[in-house]
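Since every read-out is calculated from the coordinates, none of them should be taken as a lab result. Keep in mind that what you see is a predicted model, and the values were worked out from it rather than measured. Note that we place each Cβ from the backbone using ideal geometry, even for glycine, and neighbour counts take in every protein chain shown.
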Amino acid sequence: MSFSILLSVVTALAWGIQSIFLKKAMRDIPLTSAILISLIINFFVLVFLIGVSAEKGFSVFIDISGPIYFYFMVAGFLNYLLGRGLYYSSFRFISITRSTSISSTYPMISVAFAIIVLGEKLALHQLIGIGLTLSGTYLLMMRGKR
Amino acid sequence: MSQWRGQVEATLSSVCFGIAPIFAKKGLMSGLHPFHGGLIANGTALVIMIFFAFFSGQMRGWESIKKYGLFFAILSGICNSVALVSFFWAMSIGKVALVVPITCTYPLFTMLVAYFSIRESEVIDRFTVIGTLLIVIGVILTI
């Protein structure tokens, strides 16, 4: 097994179990605190990584233009704050497995964007993939209705 | 009703997770290193969250936070960071076509670990297993 595959498996494993740790944390602490702690740790890890690995270090931030800052700020708001907030909040009402599976369908949004905005056409395997994803989501949602 | 609320929240989070990379991609097209972009994105969320926690009065409850909850919140944060680093590392040395589909299997790990660790609060029946498998296979095919 190549090192990149091993790293990919580590990524999936870490993403997979972080939600379980968070669910356990939310038994004792409020959602806001749980998200805040997670963001603080991520922040310091990124600061450390930039300090040790990135070529130009922190001086890059001076030269970044306003629109680029804006793009990343919107991405951060949507992903780290709104997305995670809603995702973690859903743990209070449905099981982690269902919540994680439903929220993992986000590539469909990218596909919809590619079709509507960019006018891209889908290959057969992508159409099958969309069908399977929607079927899986329907199954999980109907499981909740029973 | 609460069942639907949880599902609506999970679906909306998926929309947010789907739109965010479009903006991140636009930012990265400038040639900026992902760690720098990640720090701006994470820093923005952190600042807003601190303001929110401060003005909503939730900062006052921090001294009463139980160690058990804090421990697992820290573990969750560490896992997020490990995922972040290993993902970028894998992307930098491996093929995107291989790395992205493998990382998309994370709901399977959630299901597996949840089954063994929090069985008392997780209902994992055949519908959940089949639904999760269909979503994971479907997402891999779509990418």
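Pairs, please: C-beta under 9 Å, at least 6 apart or cross-chain, first residue touching a residue at least 60 places away in the same chain (Cβ under 8 Å) and in the stretch A:98-110, second among the aliphatic types (A, V, I, L, M)?
Every condition considered, the pairs that remain are A:Ser99/B:Ala10; A:Thr100/B:Ala10; A:Thr100/B:Met111; A:Thr100/B:Ala114.
Please state which one of A:Leu86, A:Leu140 is at the interface with chain B (Cβ under 7 Å from one of its Cβ atoms), farther than 19 Å from B:Lys26 by Cα, hydrophobic (A, V, I, L, M, F, W, C) and in contact (Cβ under 8 Å) with a residue 40 or more places away in the chain.
Answer to the check: A:Leu140.
Can you tell me how many residues within the stretch A:82-130 are basic (Lys, Arg) and in a helix (DSSP H, G or I)?
2
Give me the residue from the stretch B:106-143 that is surrounded by 21 or more Cβ atoms within 10 Å (Cβ to Cβ) and of a type in the set (Val, Ile, Thr) and, out of that set, farthest from the other protein chains (Cβ to nearest Cβ).
B:Val136
Looking only at the stretch A:25-36, count every residue that is touching a Ser or Thr at 6+ places or on another chain (Cβ under 8 Å) and within 7 Å of chain B (Cβ to nearest Cβ) and tell me the total.
Count: 3.
Is at least one residue of the stretch B:98-112 over 30 Å from A:Met142 (Cβ atoms) and hydrophobic (A, V, I, L, M, F, W, C)?
The answer is yes, given that some residue of the stretch B:98-112 is over 30 Å from A:Met142 (Cβ atoms) and hydrophobic (A, V, I, L, M, F, W, C).
State which residue is nearest to A:Asn42 (Cα to Cα) when the search covers only the stretch A:62-81 and only residues that are more than 7 Å from every other protein chain (Cβ to nearest Cβ) and in a helix (DSSP H, G or I).
Top of the filtered list is A:Phe70.
Sort out which residues of the stretch B:79-97 are more than 24 Å from A:Ile41 (Cα to Cα), more than 7 Å from chain A (Cβ to nearest Cβ) and of a type in the set (A, V, I, L, M), and write them in order of number.
Matches in the stretch B:79-97: B:Val96, B:Ala97.
If we only count helices (runs of 4 or more DSSP H) wholly inside the stretch B:24-143, which ones have 2 or more residues that are over 17 Å from A:Gly76 (Cβ atoms) and in contact with a Ser or Thr (Cβ under 9 Å, 6 or more places away or on another chain)?
Output list reads B:67-93, B:96-103, B:106-117, B:126-142.
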